[in-house]
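Shown next, in structure tokens, is the structure this report addresses.
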Amino acid sequence: MTGMERLPSTDLYFRNACGVWLGLDGLSLSMLRSRQRNGRAHALSANSYAVGDWLVLVRRDTPLAMGRALRWHGRVAYVMDDDFAAGAADPHLPRDYARRLGDFARDWLGPLLARADVVLAASDPLADRLGGAGPWLRRIDPVWGGTPADTAHYAPLAAGGTLQIAHLGSASHGAALARVAPAVLRLLDRAAAGQIAPVRFTYMAAAPVSPALEHHPLARRIEPMTWSEYRRWIGRQRFHLALYPLLAGGLDGARSAAKLGEHGVCGAVGVYPAGWAPGAAMAAEGAAWAAPDAPADWADTLDQAQARRGDLAAMAAAAARRLNDAAAADAQRALWTDVLGGSLAPVCTRPGWA
């Protein structure tokens with residue numbers, strides 16, 4: 001298999017939960033047809049798989065792979081985890097990224113949706129935009145794999161240790177990060193002046209978000225990584241708070257719940273917009289902080305979270321219980337078994353990165 005890296009979406013919506021069904025990669029079509037009844041999923045390319053007479057395509061792939069999906073001799077299941085058309089028109093996205101989304105939406109999305117026998121949508125708003133529930137449309141939730149981090153890293157906070165805050169976004173989250181940056185800077189300045197206990201902020205961005213944040217002694221910017229690098233890195237990190245500001249409409253309007261599991265991997269309590277349903281559900285159970293929908297209004301929430309740092313370990317434990325990845329993996333495998341029917345072997349195992 002050549003031409004494209006495996007996407008995070010492919011792990012989150014297929015491989016992490018369904019790795020037990022993975023067979024050989026890169027089979028020729030003639031070899032594949034001889035194995036199609038063995039209950040295994042065979043990778044045809046980085047982000048597409050043959051399972052019996054089904055082809056599973058996650059998000060996007062090379063033109064060759066997507067063309068094969070359109071010409072597939074059997075049935076096609078397509079996983080969609082972003083509103084690509086909304087992203088193409090989103091003025092807050094980097095222009096090159098929005099252009100790529102627009103190119104995909106123009107050249108491939110319509111034909112893929114028309115060809116698919118089943119479309120699996122990764123959020124309720126996205127499913128609504130695709131036409132609501134029905135046999136053609138199913139809802140799928142992400143699986144990170146593994147177990148959420150324990151709460152051992154919260155113990156130093158009781159002795160005045162540094163509160164580690166993170167923003168674990170990609171380029172598509174840059175505009176929301178820029179909007180919340182003044183609230184973060186206010187907190188960092190108070191910590192630097194000794195007005196509150198120590199705080200440190202780590203964020204991912206390819207370029208400076210603001211000069212003040214770039215040069216602040218309590219802030220650290222990390223360059224983006226490949227997916228394989230990032231999934232190894234995030235498993236080794238431990239944070240106390242993870243910020244996930246979102247903007248109204250555009251790509252942010254149909255975000256999946258993937259960030260919840262990502263924050264669980266590094267043991268962080270999430271801070272989410274109150275109007276974002278996955279985060280609001282966590283906050284309602286005392287497992288996250290609910291902030292105003294506008295990122296520019298987050299200063300008070302961040303002040304409260306740092307002032308109540310003694311409560312964060314219990315919140316993180318509640319989040320870990322709620323983010324039971326074993327249960328999530330079981331649910332996703334059950335969904336794929338239902339979609340693909342008898343094409344999959346009747347086996348079950350715990351999730352994990354393949």
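The values are calculated or read from the model by the stated rules, or taken from the named source; none is laboratory data. A quick note: this is a predicted structure, and the numbers were derived from the prediction, not measured. Positions of Cβ are backbone-derived with ideal geometry, glycine not excepted, and every protein chain shown enters the neighbour counts. Accessible surface is based on the protein model in full, side chains and every heavy atom, while ligands, DNA and RNA are left aside. Shrake-Rupley method; radii C 1.70, N 1.55, O 1.52, S 1.80 Å.
Keeping all protein chains in place, calculate the accessible area per residue for segment 138-234 (probe 1.4 angstrom), answer in Å². Walk me through the numbers on the way to the answer.
On the way: 4320 Å² over 97 residues.
On a per-residue basis, 45 Å².
Taking a quarter of the surface of the Cα convex hull of segment 82-146, what do you get in nm²? Show your work: numbers first, answer last.
Numbers: hull surface 22.6 nm².
Averaged projected hull area, Cα only: 5.6 nm².
Given a Förster radius of 25 Å and the C-beta distance between Ala294 and Arg139 as r, what FRET efficiency does 1/(1 + (r/R0)^6) yield to the nearest 0.05? List each step's numbers first, then the result.
Working: r = 28 Å, r/R0 = 1.11.
The calculated FRET efficiency here is 0.35.
Just to be sure I understand the curve: with the Debye formula and one point per C-alpha of the chain, what is log10 I(q)/I(0) at q = 0.09, 0.10, 0.12 Å⁻¹?
Normalising to I(0) and taking log10 leaves -0.51, -0.63, -0.88.
Let me check against my output: what whole-number percent is the relative contact order of the chain, with C-alpha pairs under 8 Å and at least 6 apart? Spell out each step's value before the answer.
Working: 672 pairs, mean separation 75.4, N = 354.
Across the chain, relative contact order equals 21 percent.
First select every other residue whose beta carbon is under 12 angstrom from the beta carbon of Gly267; then total the charges, Lys and Arg +1, Asp and Glu -1.
Result for the neighbourhood of Gly267: 0.
For the chain, set up a GNM with springs between Cα atoms under 10 Å and report which of Asp61, Asp117, Asp128 has the largest fluctuation.
Highest fluctuation of the listed residues: Asp128.
Which residues' amide hydrogens lie under 5 Å from the amide hydrogen of Leu120, considering only partners 5 or more residues apart or on another chain, with H built in the peptide plane?
Tyr78, Val79, Met80, Arg138
For segment 223-348, take N as its residue count and report Rg(C-alpha) divided by 2.2 N^0.38 Å. The partial results should precede the final answer.
On the way: Rg = 16.6 Å, N = 126, 2.2 N^0.38 = 13.8 Å.
Against the compact-globule rule of thumb, the ratio is 1.20.
Rounded to the nearest 20 debye, what is the charge dipole size of the chain about its Cα centre when +1 sits on each Lys and Arg Cβ and -1 on each Asp and Glu Cβ? Walk me through the numbers before you get to the answer.
Numbers: 37 positive and 32 negative charges, 176 e Å.
It comes to approximately 840 debye.
Where Lys and Arg each count +1 and Asp and Glu each count -1, what net charge lies around Met225 among other residues with Cβ under 11 Å from its Cβ? Before the final figure, lay out the partial values.
Values: positive: Arg231, Arg232; negative: Glu223, Glu229.
Here the charged neighbours net out to 0.
Specify which residue in the list Ala254, Ala299, His240 is farthest towards the positive end of the charge dipole of segment 205-314, using unit charges on the beta carbon of Lys, Arg (+1) and Asp, Glu (-1), about the Cα centre.
His240
Pull up the DSSP beta bridges for the chain and report the antiparallel fraction as a percent, rounded to 5.
Approximately 20 percent, going by the DSSP bridge assignments.
Report the local net charge at Leu251: Lys and Arg +1, Asp and Glu -1, summed over other residues whose C-beta lies under 13 Å from its C-beta.
On the way: positive: Arg100, Arg129, Arg255; negative: Asp81, Asp82, Asp83, Asp90, Asp252.
After counting each charged neighbour, the total is -2.
Per residue, how big is the convex hull around the C-alpha atoms of segment 73-232? Give it to me in cubic angstrom, could you? Please list the in-between numbers first.
Details: hull volume 27.0 nm³, N = 160.
Output value, Cα hull per residue: 169 Å³.
Of all the accessible heavy-atom surface of the chain, with the other protein chains kept in place and a 1.4 Å probe, what percent is carbon and sulfur? Mind showing how you got there, number by number?
Numbers: 7950 of 14660 Å².
Ligands and nucleic acids excluded, carbon and sulfur give 54 percent.
With r as the distance between the Cβ atoms of Ala334 and Arg190 and R0 = 56 Å, compute the FRET efficiency 1/(1 + (r/R0)^6) and round to 0.05.
On the way: r = 48 Å, r/R0 = 0.86.
So the FRET efficiency works out to roughly 0.70.
Return a whole-number percent for the relative contact order of segment 65-109, with Cα pairs under 8 Å and 6 or more residues apart as the contact set. Before the final figure, lay out each step's value.
Values: 22 pairs, mean separation 15.0, N = 45.
That works out to 33 percent.
Helix 95-104: angle to the longest alpha-carbon principal axis of the chain, degrees 0 to 90, nearest 10?
Between helix and principal axis, roughly 20 degrees.
Pick from Asp150, Asp82, Asp96 the residue whose mean-square fluctuation is largest in a GNM of the chain, springs joining Cα atoms under 10 Å.
Of Asp150, Asp82, Asp96, the most mobile in the Gaussian network model is Asp96.
Can you give me the Kirkwood hydrodynamic radius for segment 138-267, using every pair of distinct Cα atoms, in Å to one decimal?
Values: mean 1/r = 0.0631 Å⁻¹.
When all Cα pairs of segment 138-267 are included, the Kirkwood radius is 15.9 Å.
Give me, ordered by chain and number, the residues 5 or more places off Gly275 or on other chains with an amide H under 5 Å from its own placed amide H.
Under 5 Å from the amide H of Gly275 lie the amide H atoms of Asp293, each far enough along the sequence or on another chain.
For a quick check, take a GNM of the chain with Cα springs below 10 Å and name the residue from Ala50, Ala316, Ala85 with the largest mean-square fluctuation.
Among Ala50, Ala316, Ala85, the largest mean-square fluctuation in the Gaussian network model of the chain belongs to Ala85.
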